1. Has the stretch 177-194 got at least one residue that is of a type in the set (V, I, T) and either under 30 Å from D20 (Cβ atoms) or out of contact with any Ser or Thr (no Cβ under 8 Å at 6 or more places or on another chain) (or both)?
2. Can you tell me which residue is farthest from V13 (Cα to Cα) among those in the stretch 84-96 that are in contact (Cβ under 8 Å) with a residue 40 or more places away in the chain and in contact with a helix residue (DSSP H, G or I) (Cβ under 9 Å, 6 or more places away or on another chain)?
3. Taking interchain pairs and intrachain pairs at least six residues apart, which have beta carbon atoms under 8 angstrom, with the first residue in the stretch 139-160 and aromatic (F, W, Y) and the second part of a helix (DSSP H, G or I) and modelled with pLDDT of 95 or more?
4. Which residues, taken from the stretch 128-152, are within 19 Å of M99 (Cβ to Cβ) and in contact with a Gly (Cβ under 7 Å, 6 or more places away or on another chain)?
5. Taking the stated definitions as given, is V104 assigned to a loop (DSSP other than H, G, I, E, B), modelled with pLDDT of 95 or more and in contact with a Leu (Cβ under 7 Å, 6 or more places away or on another chain)?
6. If R44 satisfies every condition in (1) basic (K, R); (2) over 16 Å from the mean Cα position of the chain (by Cα); (3) more than 14 Å from R84 (Cβ to Cβ) but one, which is the exception?
7. Can you find a residue that is over 13 Å from R152 (Cβ atoms), in contact (Cβ under 8 Å) with a residue 40 or more places away in the chain and touching a Gly at 6+ places or on another chain (Cβ under 6 Å) anywhere in the stretch 110-127?
8. Being at pLDDT below 95 and either closer than 22 Å to G157 by Cα or of a type in the set (K, R) (or both) narrows it down to one residue among A10, A19, A83, A66; which is it?
Amino acid sequence: MTSPSVLELAPVVPVVVVADASDAVPLARALVAGGLPAIEVTLRTPAALDAIRAVAAEVPDAVVGAGTVISPENVTDSVAAGARFLVSPGWTDRLLDAMKASGVPFLPGVSTTSEVVALLERGVREMKFFPAEAAGGTAYLKSLAGPLPAARFCPTGGIGPDSAPSYLALPNVGCVGGSWMLPAQAVADRDWARVESLARAAAALRP
């Protein structure tokens, strides 16, 4: 069973791709200082697990999680590295079983009504809606609220500061995921003050 804590930590969960593990701690500190403590580090780079390990050890105010979790092995490795929540772009029975057995909160990815119903049937009420914009955006989520009021979502994929408030205004959305507070140039320049400023603006987006 998932915990509501992931959806309630902040209105925005930064989706972080870390190319250099040495950037992870200052980047996480900037996000936390800006009011975004829940940080999803995606398993898209070789540095990801080292980044999770470093943030878990050195940034106590951060709640670091692993994203792009697509296998039971990813689940095991992420939790061992210190991930406090797991996020997947989609799910299978095997992956879901591993996430449920992990002992940490998780958000399995969905993009169809049938997937939502299947997760509800398995006792999972909190999910990632991905890819949010491509899969129907706020109109789709709004249409799910009536027949499936028990499901709550963290929409991710194509969301920016202009569209985030319309998602956050929906009753079945707990938070959104995005990377707009981490512009590639700011990260490349290690401009953590810029990241903190953008994080602070993102933290203030809930209407």
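1. Among the residues of the stretch 177-194, at least one is of a type in the set (V, I, T) and either under 30 Å from D20 (Cβ atoms) or out of contact with any Ser or Thr (no Cβ under 8 Å at 6 or more places or on another chain) (or both), which makes the answer yes.
2. Selected residue: G90.
3. F153/L141
4. Listed by number, the residues that qualify are K128, F130, R152.
5. So V104 fits the description; yes.
6. Looking at each condition in turn, R44 falls short on (2).
7. Looking through the stretch 110-127, none of the residues is over 13 Å from R152 (Cβ atoms), in contact (Cβ under 8 Å) with a residue 40 or more places away in the chain and touching a Gly at 6+ places or on another chain (Cβ under 6 Å).
8. Residue meeting the stated conditions: A10.
The values are calculated or read from the model by the stated rules, or taken from the named source; none is laboratory data. Note that the structure is a prediction, hence the values are computed from the model and not measured. We place every Cβ from the backbone using ideal geometry, glycine too, and count neighbours over all the protein chains shown.
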